[in-house]
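Engineer: Input: one structure, supplied below.
The values are calculated or read from the model by the stated rules, or taken from the named source; none is laboratory data. These numbers come from a predicted model, not from an experiment. A quick note on method: Cβ atoms are made from the backbone with ideal geometry, for glycine too, and the neighbour counts reach across all protein chains shown. Only protein heavy atoms, including side chains, enter the accessible area calculation; ligands, DNA and RNA are left aside. Shrake-Rupley method; radii C 1.70, N 1.55, O 1.52, S 1.80 Å.
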Amino acid sequence: MDGVSFHVVDGEVFSLLGPNGAGKSTVINVLTTLLPLQEGHVTLAGCDLATQPACVRRSIGIVFQEVTLDRDMTCREILDFHGRLYRMDKRERQSRTGELLSLVELDEWADTLTKHLSGGMKRRLEIARGLMTRPRILFLDEPTIGLDPQTRRKIWDYIRNVNREGTTIVLTTHYMDEADRLSNRISIMDRGRIIVTGEGWELKNRLGQDLIYLETSDDTRAGEVLSKAPGVESVQGKAHGLLAMVREDGTHLLPALMADLQGAGIRVQTVNLKKPSLEDVFLYYTGRDLRDGGVGNEKRAAIHPVGR
Amino acid sequence: MNGTGFLTIYWRDMLRFVRFKTLLFSSLVQPALWLAFFGIAMSANFSRLSAGLPAIPGVTVVGYLTFMAAGVIALTTLFTSLFGGIVILFDKNWGMMREVMASPLPREHIIIGIALSGMTKSFIQVLIITAFGLLIGVGFFPGYSPGQAVLAFLGVLLFCGVFSLGFVFLSSAIAVSLESPEGLQGIITLLSLPLFFVSNALYPISAFPPVLQELSWGNPLTHLVNGVRYFAIGPDFQVIGVRYVTSPEDLAVSLGFLSAFALATFGLAWWRFHEAVVT
């Protein structure tokens, strides 16, 4: 971990996006006081992390990446135990338990042992547990990992609702769609560093409005031609072609670019136009595919800017 | 704040204890089996061997079964307490410990909560052994009135309680420092064998070589057995030709020794828990 610095605005959803092994969980473990802060300074909900860990612990809720439910306790007991850990009085525990079980639609399962719950239900129960103490900040470490698409959407709805009611959310994910749909702002992490931070649209706009991928008979010369064309932000060489980032609407710009290439005597074999996704943003800043995780040095070597 | 936080930990551990039916059943039946088979077999042997020994005149004679029933109480308390901390290891491995570690609950409350539940489990077992023992002819509380017997039993529980706390603290300290249940199993076996045999739980130590006698004096199990026999059998009795005299001073020394042991292991557990990183 090195040079990780970010601030989260009160009331927002903030995402740490990065491949497995990027260090996201380590950041969460430090912020939730499970790992000691070795260097640097963190203030959370007005408490200093290094000197007032108890103050931090009272202000946060956590949903861990792995399931951390006692298999032999019921949903109600899980929430009750959590409330007791935080010294909530009995009446408040009971009313809060009822409230949360209906929020995550587990009323009917209140007295079922957690070992009989499905993966999605366990996640929902854990979210309810994270909210039990009405934390100011809720940490979610990969909240939808391993869940089916329908359940994921459901979990996203809960997260949005919770946020709407005023809880600040910090989540880690390696799913771009999750970061994209849920967050106000995103930090992209890779190899223990934060590479770039911004709102989703802002990050994507840094890559220009559209991306045009081309394969031509002479990529080197095509790159030169494209770099000089008006409207083109920059051009990157790929393993088998070129990627041009453009400032204008690509559908209008593309015919002109094709004409330029044809004029220079370059034959275009394939062309593909798309809006930049967070994945492209990640690729652009790290030179690696988000899905690759820790490996991918070969890809990094394959990408080399060929002028602007 | 958080004055009674340990009760939360205690509550959950007891909840699990009664919920795991097989664990509950085996922990209740196992000590009775010890007494029934080992006790009766050994006592038959010792009775035969000691049949020719002259009794010391004027001293109450106690059967071997009664003598060793006190030892079974002590051994059961030892094993239950040594395994008391294993729950911490499971919680660590299954991730449940993170919830507790990230909460504002002070860590000494985890130690105390687990120790109290280990102690409760021991008490239940002691009660069962005592009741079952009386049923099969163990001569506990000889000639006591019901009131005296209850008081004497409370005395037994006092010794078992302090002893149990000491060993659950120790077990928790080891468990929180380890990564796998297998490791704890090994350490417990390594610890329990010498504790078991270099003590007066099953046989008199007067025939031990001097070095072993010294060692057995430093063994908490010996002090527990002293206390249990004092309360359950009496301050002065003989068994298989050996006389046992326990003065109130001896009793106080034993209780002091067990208390010091519990304090020391609590300190150890406190240190291990404050060092522990659970992720």
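Engineer: Of all the residues that make up the stretch A:14-26, how many are more than 12 Å from every other protein chain (Cβ to nearest Cβ) and part of a helix (DSSP H, G or I)?
Structural biologist: 1
Engineer: Is there a residue being away from chain A (no Cβ under 14 Å) and basic (Lys, Arg) anywhere in the stretch B:19-32?
Structural biologist: Within the stretch B:19-32 (the criterion being away from chain A (no Cβ under 14 Å) and basic (Lys, Arg)), the answer is no, since none of the residues qualifies.
Engineer: Right, A:Leu34: in a strand (DSSP E or B) and of a type in the set (A, V, I, L, M, F, W, C) or not?
Structural biologist: no
Engineer: Okay, next question. Can you pull out every residue in the stretch B:195-206 that is without any contact (Cβ under 8 Å) to a residue 12 or more places away in the chain and of a type outside the set (Ser, Thr, Tyr)?
Structural biologist: Selection gives B:Phe197 alone.
Engineer: The conditions are (1) within 14 Å of chain A (Cβ to nearest Cβ); (2) modelled with pLDDT of 90 or more, and B:Gly147 fails exactly one of them. Which is it?
Structural biologist: (1)
Engineer: Given the structure, is A:Leu226 in contact (Cβ under 8 Å) with a residue 40 or more places away in the chain and either hydrophobic (A, V, I, L, M, F, W, C) or surrounded by fewer than 19 Cβ atoms within 10 Å (Cβ to Cβ) (or both)?
Structural biologist: no
Engineer: In the stretch A:171-228, what count of residues is obtained for those that are out of contact with any helix residue (DSSP H, G or I) (no Cβ under 8 Å at 6 or more places or on another chain), modelled with pLDDT under 85 and among the hydrophobic types (A, V, I, L, M, F, W, C)?
Structural biologist: The total comes to 1.
Engineer: Hey, another quick one. Could you check A:Arg58 against (1) facing another protein chain (nearest Cβ under 10 Å); (2) charged (D, E, K, R); (3) open to solvent by 50 Å² or more (accessible area, probe 1.4 Å); (4) in contact with a helix residue (DSSP H, G or I) (Cβ under 9 Å, 6 or more places away or on another chain) and say which number it fails?
Structural biologist: Among (1) facing another protein chain (nearest Cβ under 10 Å); (2) charged (D, E, K, R); (3) open to solvent by 50 Å² or more (accessible area, probe 1.4 Å); (4) in contact with a helix residue (DSSP H, G or I) (Cβ under 9 Å, 6 or more places away or on another chain), A:Arg58 violates only (4).
Engineer: I'd like to check something: does the stretch A:92-111 contain any residue that is among the aromatic types (Phe, Trp, Tyr) and assigned to a helix (DSSP H, G or I)? First the steps, then the outcome.
Structural biologist: Of the residues in the stretch A:92-111, the ones among the aromatic types (Phe, Trp, Tyr) are A:109.
Still in the list and also assigned to a helix (DSSP H, G or I): A:109.
Within the stretch A:92-111 (the criterion being among the aromatic types (Phe, Trp, Tyr) and assigned to a helix (DSSP H, G or I)), the answer is yes, since at least one residue qualifies.
Engineer: Could you check how many residues of the stretch A:78-94 are within 7 Å of chain B (Cβ to nearest Cβ) and either more than 25 Å from A:Glu142 (Cβ to Cβ) or surrounded by fewer than 17 Cβ atoms within 10 Å (Cβ to Cβ) (or both)?
Structural biologist: Total meeting the criteria: 2.
Engineer: Quick one: is A:Arg247 on the phi < 0 side of the Ramachandran plot and at pLDDT 85 or above?
Structural biologist: In short, no.
Engineer: When you go through (1) under 24 Å from B:Val126 (Cα atoms); (2) under 20 Å from the mean Cα position of the chain (by Cα); (3) buried (at least 17 other Cβ atoms within 10 Å of the Cβ) one by one for B:Ile174, which number turns out not to apply?
Structural biologist: (1)
Engineer: Would you call A:Val67 more than 9 Å from chain B (Cβ to nearest Cβ) and touching a residue at least 24 places away in the same chain (Cβ under 8 Å)?
Structural biologist: Judged against the criteria, A:Val67 is not a match.
Engineer: Only residues that are surrounded by 11 or more Cβ atoms within 10 Å (Cβ to Cβ) and under 15 Å from A:Pro135 (Cα atoms): list them for the stretch A:9-19, please.
Structural biologist: Correct list: A:Gly11, A:Glu12, A:Val13.
Engineer: Oh, and also: Sort out which residues of the stretch B:218-254 are of a type in the set (Asp, Glu) and part of a helix (DSSP H, G or I), and write them in order of number.
Structural biologist: B:Glu249, B:Asp250
Engineer: Open to solvent by 20 Å² or more (accessible area, probe 1.4 Å) and either among the polar types (S, T, N, Q) or part of a loop (DSSP other than H, G, I, E, B) (or both), is that true of B:Ala44?
Structural biologist: Considered against the rule, which asks whether it is open to solvent by 20 Å² or more (accessible area, probe 1.4 Å) and either among the polar types (S, T, N, Q) or part of a loop (DSSP other than H, G, I, E, B) (or both), B:Ala44 comes out as no.
Engineer: Still on this model: Name the residue, out of B:Arg12, B:Arg19, that is farther than 28 Å from B:Ala232 by Cβ and modelled with pLDDT under 90.
Structural biologist: One residue alone meets the criteria, B:Arg19.
Engineer: Before we move on, is B:Val211 without any contact (Cβ under 8 Å) to a residue 12 or more places away in the chain, away from every other protein chain (no Cβ under 14 Å) and in contact with a strand residue (DSSP E or B) (Cβ under 8 Å, 6 or more places away or on another chain)?
Structural biologist: It is false that B:Val211 is without any contact (Cβ under 8 Å) to a residue 12 or more places away in the chain, away from every other protein chain (no Cβ under 14 Å) and in contact with a strand residue (DSSP E or B) (Cβ under 8 Å, 6 or more places away or on another chain).
Engineer: Name the single residue that is nearest to the other protein chains (Cβ to nearest Cβ) among those in the stretch B:1-13 being open to solvent by less than 30 Å² (accessible area, probe 1.4 Å) and assigned to a helix (DSSP H, G or I).
Structural biologist: Checked the stretch B:1-13; the qualifying residue nearest to the other protein chains (Cβ to nearest Cβ) is B:Thr8.
This table checks each residue for (1) over 19 Å from the mean Cα position of the chain (by Cα); (2) closer than 27 Å to A:Phe81 by Cβ; (3) among the basic types (Lys, Arg).
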| position | (1), (2), (3) |
| --- | --- |
| B:Val72 | no, no, no |
| B:Phe79 | no, no, no |
| B:Leu82 | no, yes, no |
| B:Ile88 | yes, yes, no |
| B:Ile111 | no, yes, no |
| B:Lys121 | no, yes, yes |
| B:Pro142 | yes, no, no |
| B:Gly147 | yes, no, no |
| B:Gly183 | yes, no, no |
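Engineer: Additional query: Which is modelled with pLDDT under 95 and under 23 Å from A:Met176 (Cβ atoms), of A:Lys90, A:Lys24, A:Lys115?
Structural biologist: A:Lys24
Engineer: Let me ask something else about it. How about the stretch A:20-36: which of its residues are crowded, with 17+ Cβ neighbours inside 10 Å, more than 14 Å from the chain's Cα centre (by Cα) and of a type outside the set (A, V, I, L, M, F, W, C)?
Structural biologist: Restricting attention to the stretch A:20-36, the residues satisfying the condition of being crowded, with 17+ Cβ neighbours inside 10 Å are A:22-35.
In the following step, the residues that additionally are more than 14 Å from the chain's Cα centre (by Cα) were identified as A:26, A:29-35.
Once the filter is applied, which keeps residues that are crowded, with 17+ Cβ neighbours inside 10 Å, more than 14 Å from the chain's Cα centre (by Cα) and of a type outside the set (A, V, I, L, M, F, W, C), the stretch A:20-36 yields A:Thr26, A:Asn29, A:Thr32, A:Thr33.
Engineer: Return the total of residues in the stretch A:178-206 being free of Cβ contacts under 8 Å to residues at least 60 places away in the same chain and under 26 Å from A:Met1 (Cα atoms).
Structural biologist: 3
Engineer: Tell me which residues, restricted to the stretch B:263-279, are in a helix (DSSP H, G or I), loosely packed, with under 14 Cβ neighbours inside 10 Å and either within 11 Å of chain A (Cβ to nearest Cβ) or among the hydroxyl-bearing types (Ser, Thr, Tyr) (or both).
Structural biologist: Of everything in the stretch B:263-279, just one residue is in a helix (DSSP H, G or I), loosely packed, with under 14 Cβ neighbours inside 10 Å and either within 11 Å of chain A (Cβ to nearest Cβ) or among the hydroxyl-bearing types (Ser, Thr, Tyr) (or both), namely B:Glu275.
Engineer: Considering only residues that are out of contact with any Ser or Thr (no Cβ under 7 Å at 6 or more places or on another chain) and surrounded by fewer than 17 Cβ atoms within 10 Å (Cβ to Cβ), which ones fall in the stretch A:61-77?
Structural biologist: Answer for the stretch A:61-77, where residues must be out of contact with any Ser or Thr (no Cβ under 7 Å at 6 or more places or on another chain) and surrounded by fewer than 17 Cβ atoms within 10 Å (Cβ to Cβ): A:Glu66, A:Asp72.
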